[in-house]
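Trainee: Below is a structure I'd like to ask you about.
The values are calculated or read from the model by the stated rules, or taken from the named source; none is laboratory data. These figures come from a predicted structure and were not determined experimentally. Using ideal geometry, Cβ is built from the backbone for each residue, glycine included, and neighbour counts are taken over all protein chains shown. Only protein heavy atoms, including side chains, enter the accessible area calculation; ligands, DNA and RNA are left aside. Shrake-Rupley method; radii C 1.70, N 1.55, O 1.52, S 1.80 Å.
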Amino acid sequence: LATLMDVNFAEVISKCMSLGLMVSINQRLDAEVIELVANEFGYDVEFIDMEKQMEMEEEEEEDNEEDLLPRAPIVTIMGHVDHGKTSLLDYIRSANVVAGESGGITQHIGAYEVTLANGKKIAFLDTPGHEAFTAMRARGAKVTDIAVIVVAADDAVMPQTREAISHAQAANVPMIFAINKIDKDGANPKKIYEQLAGMNLLVEEWGGKFQSQELSAKKGLNVDILLEKILLEAELLDLKANPNKGASGTIIEATLDKGRGYVATVLVQNGTLKQGDLVVSGQHFGRVKAMFNERNKRVDDAPPSTPVLILGLNGAPQAGEKFKVYVDEAEAKEVANRRAQILREQGIRTKKHITLDEIGRRLALGNFKQLNLIIKGDVDGSVEALTDSLQKLSTQEIVVSVVLKGVGAITESDVLLATASDAIIVGFNVRPSAQAARLAEGEGVEIKLYSIIYNAIDEIKSAMEGMLEPKI
Ligand code: GDP
């Protein structure tokens, strides 16, 4: 503060003392004191809310309806381990190499695009699983239009299948079910549909709204039909973007490459990214020196829904960080540098998440209408009982929404989901893993542990009563 005001630090300290504050030279002052002291020296103080600032900078001007054109869907594949996510991604990528481009060795860049025989395109995020999906969401990125949930027909709906479904639902992303491994002897797709129906997920064949496709990722059987169904879903979603403006989108992966410097895979979500464009992402920026697709082929421009690997940034932004093209170089530098400085001073930006204690305050502030909970317990019976009782706490004013329930310890994936959905985690006779506890602390996610169901209900009920809006 002394440096900013260009006065001697001793003067600041003595001013604090005259205000009745005993401070030392390396003490952090709170906002009120800073304001008081600065005023004494004749300065006005303006506090910058880093988060708001970045949100404002990342915000885009609305496009005019007539500038919008259809764009390809962006798809994430999720499901239980070993049910065939990687096989499906690999088959789709190898089977759909456009004529003339075949032969190129593909490299994993985090996302790829396929062109179907009818010329239509689909972009796939190439890190299967709901953890990656939710980690991105936890950073505020919304990059998936459609989730394909893979379930092995010779197995069953498994814990991670349920998790994947919950994560997709929490994100409001439509799902298509891929019933895989139908080439295997023990394959029984009917059983899977039945289990899904038990979760209130009816596939179309059963009169429900969810598309599904029986297939074999290994043999490539019916994968083409799945792709058609993805396109159909995309049509319903009416996905659009404006290709005729500066690009914006999300970082999928970024690393430092020995030969090429910083490389980043970006997903263009609006506008068109061109070689030479000035890109800012978080605290990093740079001109796009070159762009490549996953076959290592140079591309000159990347329209909406295209994943490309770019060279030229001066650092490696985090996956899930947004990026935007700037026209004015001085402005781009200033934005990036200011963020770097604030990050240095404030540490990594963390969003404040809901806690039981926060509820009353949030309600007073505005319209807190939904309490999101993640419920984990030691046995199915108690999880169901707790879920039921907590959901029943819903009132006309506040809905209790259970974004995920499950048996087992509280995992990192649960914490990520809580971050992405602004949820409180309720553990019944279970504890968080060490990593999960650390992540929760870093992200500011509240974990409440109980061993008596009544206590959980009682405490959450009281918190909710504190948040009831006064009736007029
Ligand atoms: P992931 O963990 O979900 O990514 O699953 P993988 O794609 O690694 O597949 C797990 C195993 O199942 C591998 O041994 C695959 O070869 C096998 N697999 C995947 N899809 C099929 C299929 O359609 N039929 C058969 N028979 N095996 C499959």
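Trainee: Tell me, which residue of the range 200-223 that is among the aliphatic types (A, V, I, L, M) and either open to solvent by 30 Å² or more (accessible area, probe 1.4 Å) or more than 16 Å from the ligand (Cβ to nearest atom) (or both) is farthest from the chain's Cα centre (by Cα)? Please lay out each step first, then the result.
Mentor: Narrowing the range 200-223 to residues among the aliphatic types (A, V, I, L, M): 201-203, 215, 217, 221, 223.
Those still in the list that are either open to solvent by 30 Å² or more (accessible area, probe 1.4 Å) or more than 16 Å from the ligand (Cβ to nearest atom) (or both) too: 201-203, 221.
On the way: Leu201: 24, Leu202: 26, Val203: 26, Leu221: 32 Å.
Only one residue tops the list, namely Leu221.
Trainee: Further question on the same structure: Given the conditions (1) open to solvent by 70 Å² or more (accessible area, probe 1.4 Å); (2) outside any loop (DSSP other than H, G, I, E, B), report the number of the one that Val280 does not fulfil.
Mentor: (1)
Trainee: From the list Glu62, Glu131, Glu113, Glu66, which one is at pLDDT below 90, open to solvent by 20 Å² or more (accessible area, probe 1.4 Å) and more than 16 Å from the ligand (Cβ to nearest atom)?
Mentor: Details: Glu131 fails: more than 16 Å from the ligand (Cβ to nearest atom); Glu113 fails: at pLDDT below 90; Glu66 fails: at pLDDT below 90.
Sole residue among the options that is at pLDDT below 90, open to solvent by 20 Å² or more (accessible area, probe 1.4 Å) and more than 16 Å from the ligand (Cβ to nearest atom): Glu62.
Trainee: Also: Pick out the one residue from Phe124, Phe177 that is within 28 Å of Ser281 (Cα to Cα) and either of a type outside the set (A, V, I, L, M) or more than 16 Å from the ligand (Cβ to nearest atom) (or both). If you could, list the steps in order and put the result at the bottom.
Mentor: Details: Phe177 fails: within 28 Å of Ser281 (Cα to Cα).
It is Phe124.
Trainee: Just to be sure, is Ile251 in a strand (DSSP E or B) and either over 30 Å from Pro317 (Cα atoms) or within 16 Å of the ligand (Cβ to nearest atom) (or both)?
Mentor: Values: in a strand (DSSP E or B): yes; either over 30 Å from Pro317 (Cα atoms) or within 16 Å of the ligand (Cβ to nearest atom) (or both): no.
Here the answer is no, as Ile251 does not meet what is asked.
Trainee: Identify the single condition in (1) open to solvent by 50 Å² or more (accessible area, probe 1.4 Å); (2) under 27 Å from the mean Cα position of the chain (by Cα); (3) within 11 Å of the ligand (Cβ to nearest atom) that Gln169 does not satisfy, given that it satisfies every other one.
Mentor: (3)
Trainee: Of the residues Ile230, Ile179, Ile192, only one is open to solvent by less than 10 Å² (accessible area, probe 1.4 Å), free of Cβ contacts under 8 Å to residues at least 40 places away in the same chain and of a type in the set (A, V, I, L, M); which? Talk me through it step by step, then tell me what you get.
Mentor: Working: Ile230 fails: free of Cβ contacts under 8 Å to residues at least 40 places away in the same chain; Ile192 fails: free of Cβ contacts under 8 Å to residues at least 40 places away in the same chain.
The conditions single out Ile179.
Trainee: Looking at the range 81-99, which of its residues are open to solvent by less than 50 Å² (accessible area, probe 1.4 Å), at pLDDT 95 or above and not in a helix (DSSP H, G or I)?
Mentor: His83, Gly84
Trainee: With respect to Leu226, determine if the residue is outside any loop (DSSP other than H, G, I, E, B) and either small (Gly, Ala, Ser) or within 16 Å of the ligand (Cβ to nearest atom) (or both).
Mentor: Details: outside any loop (DSSP other than H, G, I, E, B): yes; either small (Gly, Ala, Ser) or within 16 Å of the ligand (Cβ to nearest atom) (or both): yes.
Spelling it out, Leu226 is indeed outside any loop (DSSP other than H, G, I, E, B) and either small (Gly, Ala, Ser) or within 16 Å of the ligand (Cβ to nearest atom) (or both).
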